[in-house]
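Below is one structure, written out as C-alpha cells; the observations come after it.
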There are 2 protein chains.
Amino acid sequence: MSSSQMLKGILDGCLLAIISKGETYGYEMIEKLELYGFRMVSEGSIYPVLLRLQKEGFVKSVMKESPSGPKRKYYTLTPSGENEFHEFKERWESLSESVNRLVKEEI
Amino acid sequence: MSSSQMLKGILDGCLLAIISKGETYGYEMIEKLELYGFRMVSEGSIYPVLLRLQKEGFVKSVMKESPSGPKRKYYTLTPSGENEFHEFKERWESLSESVNRLVKEEI
DNA sequence: AACACTATCTTGTTTTACAAAGTAGTTGAC
DNA sequence: GTCAACTACTTTGTAAAACAAGATAGTGTT
C-alpha cells in the first residue's frame with residue numbers, strides 16, 4: 001500500500017485497533033474514538049467502513065441482544081485482520097515519521 | 001475542520017509544508033516528497049491538489065523559464081496559506097497523538 | 001403519547017484518488 | 001537528424017470514499 005492509499009486508510013486502521021482491544025460494536029466505537037480525541041466521526045462514516053472491513057475478511061460479526069435497546073453487532077478481528085492491523089501500524093509509523101520530518105522543519 | 005476531514009487533508013498540508021520552505025514547482029515537490037519518505041506520490045495526485053490550493057487562495061504561482069526543459073510553475077504561500085499551514089500543523093499534532101494513543105496500546 | 005437514547009443501515013451528493021494519456025521543451029547518443 | 005530519455009504541466013475518466021441526512025427500530029422516562 002502506497003503512502004497515498006495510507007491517507008485514506010487511517011480510519012480503517014483505527015477501527016481495527018479498537019476492535020483488537022476487544023469485541024465491540026459500532027455505536028460503542030464512535031464513543032471510544034471520541035475518548036481518543038477523534039472528533040466528528042459519525043455513524044455515516046464508520047458503518048460503511050465496518051461493512052467494507054467485513055467484506056474484505058478483516059473482521060467478523062455476531063448479533064447479540066443488548067441489555068437495553070436494539071441488538072448490537074459485535075465485531076472481532078479475523079487472523080487476516082490481525083495481520084492487516086499489524087501492517088497498518090507499520091505504515092502509520094512510516095507515514096507519521098515522514099510528516100513529522102516535513103512539518104518539524106528537519107532536512 | 002474535523003478529524004475525518006483531516007484524514008483527507010494530509011497531502012494538502014504536506015504540500016503547504018514543502019512550499020513554506022521556499023518557492024518550488026510541482027515536479028520538484030514530487031522528488032522532495034520521496035526524499036521525506038512518501039512513496040508513490042504521482043503527478044496525477046499532486047497537480048490537482050495544487051490547482052485546488054490555488055483556487056482556495058492558499059498558494060499563488062508564476063511561470064518561469066527553466067534552464068533546461070519546459071517552463072516551471074513556481075508556487076509560494078499566500079498569507080492565507082501560511083495561516084492554513086499553521087492550522088494544519090495543529091490538526092496534525094492532534095490527530096497523530098490520537099492515533100498513537102490508540103495503536104500504542106495506551107488507555 | 002411524546003421524547004430521548006441506543007443501535008444499525010441506506011441513500012444521495014460531493015469530493016477524491018490517481019492511473020493514463022496528452023502536450024511540449026531539452027539533452028545526449030548514435 | 002532522429003530517437004530515446006528526461007523534465008514538466010494538464011486533462012480526462014473511472015472508481016472509490018466521505019458523510020450528512022434520513023429510515024428503521026427497540027428501550028426507558030416523563
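Dipole check for chain A: with +1 at the C-beta of Lys and Arg, -1 at the C-beta of Asp and Glu, and the Cα centre as origin, the magnitude is about 380 Debye. Each Lys and Arg adds +1 at its Cβ and each Asp and Glu adds -1 at its Cβ; summed about the Cα centre, the protein assembly as shown shows a dipole of about 540 debye.
Structural size metrics of the stretch B:3-97, computed from C-alpha coordinates, are Rg and Dmax of 13.4, 44 Å. The simple spin-label model puts a point 7 Å past each Cα toward its Cβ; for A:T78 and A:S45 those points are separated by 2.6 nm.
With the charge dipole of the protein assembly as shown set up from +1 on Lys and Arg Cβ and -1 on Asp and Glu Cβ about the Cα centre, the Cα lying farthest toward the positive end among the listed residues A:S96, B:S20, A:Y25 is that of A:Y25. Accessible area per residue for the protein assembly as shown, computed on protein heavy atoms with a 1.4 Å probe, is 53 Å². Seen from every direction in turn and averaged, the convex hull around the alpha carbons of the protein assembly as shown projects onto 13.2 nm². For chains B and A, what's the summed buried accessible area, probe 1.4 Å, to the nearest 100 square angstrom? The buried area between B and A, both sides summed, comes to about 3100 Å².
Taking only protein heavy atoms and a 1.4 Å probe, the accessible area of the protein assembly as shown is 53% carbon and sulfur. Tell me, which residues of the stretch B:36-54 get at least 50 Å² less accessible area when the other protein chains come in, versus the chain alone (1.4 Å probe)? Residues passing the criterion (a loss of at least 50 Å², heavy atoms only) are B:Y36, B:F38, B:R39. If you take the charge dipole of chain B about its Cα centre, with +1 on Lys and Arg Cβ and -1 on Asp and Glu Cβ, which of B:G44, B:S68, B:F58 is farthest toward its positive end? About the Cα centre, the residue reaching furthest to the positive side is B:S68.
The values are calculated or read from the model by the stated rules, or taken from the named source; none is laboratory data. Values in this document were obtained by computation on a predicted structure and should not be read as measured data. Glycine gets a Cβ as well: all are built from the backbone with ideal geometry, and neighbour counts include every protein chain shown. Calculation scope for accessible area: heavy atoms of the full protein, side chains included, ligands and nucleic acids excluded. Shrake-Rupley method; radii C 1.70, N 1.55, O 1.52, S 1.80 Å.
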